[in-house]
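Q: Once you've had a glance at the structure underneath, I'll fire off some questions.
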């Protein structure tokens with residue numbers, strides 16, 4: 001009788017050990033799963049956001065997304081996309097020369113507009129964010145920092161977390177900035193940018209709608225692509241001559 005009981009005891013202890021082993025394996029599996037989820041979903045959001053802060057330059061008579069004398073004889077409206085490589089080239093290479101030569105001298109007023117949801121969702125998100133920064137007088141600084149951190153199309157350059165990091169670098173009121181993004185304050189404006197651009201004949205970015213008046217008649221020219229400064233200079237000087245003004 002005692003021998004049978006001993007066997008039952010041994011079997012019971014064996015089952016208990018097996019159950020304990022399974023519980024330990026289950027705990028290990030759950031722990032590994034949690035660590036994997038943390039590594040994939042949580043940790044990337046805890047890491048500091050790395051990005052470039054460019055050297056900002058002065059723009060005269062800034063009014064939200066416009067710069068220059070409102071009464072300048074020529075207005076250039078750029079239709080652009082923050083994910084566009086050629087737009088980045090223009091912003092970093094040609095635009096500063098335009099500002100220095102024509103905007104600061106009162107000959108040109110320069111306006112930046114997005115081209116709606118052109119390349120992808122990040123295009124829209126970055127455009128809305130730049131307008132939100134404009135609410136705090138930092139449109140152009142935000143414009144510059146976004147282009148400085150463009151590396152490709154739809155590759156995560158302008159995630160919500162990065163857009164907020166750019167705003168923090170500019171010392172914006174983050175509650176106001178987040179509220180602007182969360183409520184989609186400028187969503188319709190970005191959509192309208194694209195509508196107006198297409199109505200003006202824009203089909204690609206960057207494109208520049210140049211408007212001026214001759215003998216009381218409004219004239220328009222469309223300049224397409226990231227043209228070098230020399231092309232803008234020749235175009236603008238010819239317009240000034242057409243208007244009877246000194247280039």
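Every number in this text was worked out from the coordinates using simple rules, so none of it is lab data. Everything numeric here is computed off the predicted structure, so don't read it as measured data. When we count neighbours, we look across all protein chains shown, and the Cβ atoms used for this are built from the backbone with ideal geometry, even at glycine.
Q: Once the Cβ-Cβ distance between residue 85 and residue 191 is put in as r, and R0 is 35 Å, what FRET efficiency do you end up with, to the nearest 0.05?
A: So, using R0 = 35 Å, E works out to roughly 0.90.
Q: In nm, to one decimal, how far is the modelled label at residue 148 from the one at residue 214, with both set 7 Å along Cα→Cβ?
A: That separation, rounded to one decimal, is 4.1 nm.
Q: Return the percentage of antiparallel bridges among DSSP beta bridges fully within the chain, rounded to the nearest 5 %.
A: 70
Q: Still on this model: Roughly what angle does helix 160-169 make with the longest principal axis of the chain, taking Cα atoms, 0 to 90 degrees, to the nearest 10?
A: That helix lies at roughly 60 degrees to the long axis.
Q: Right, another one. Quick one, can you get me the convex hull of the C-alpha atoms of the chain expressed as volume per residue in Å³?
A: Here the figure is 159 Å³ per residue.
Q: What ranking, highest mean first, results for peptides 238-246, 85-93, 177-185 when packing means the other Cβ atoms within 10 Å averaged over each residue?
A: 85-93, 177-185, 238-246
Q: Shifting gears a bit: Could you work out [θ]222 nm for the chain from helices alone, using -39500 (n - 2.57) per DSSP H run of at least four and dividing by all its residues? Round to the nearest 500 deg cm²/dmol.
A: Calculated mean residue ellipticity at 222 nm is -15000 deg cm²/dmol.
Q: For residue 200 and residue 71 in the same chain, what is the full-extension length gain: residue separation times 0.36 nm, less their Cα-Cα distance, in nm?
A: Gain on stretching residue 200 to residue 71: 44.3 nm.
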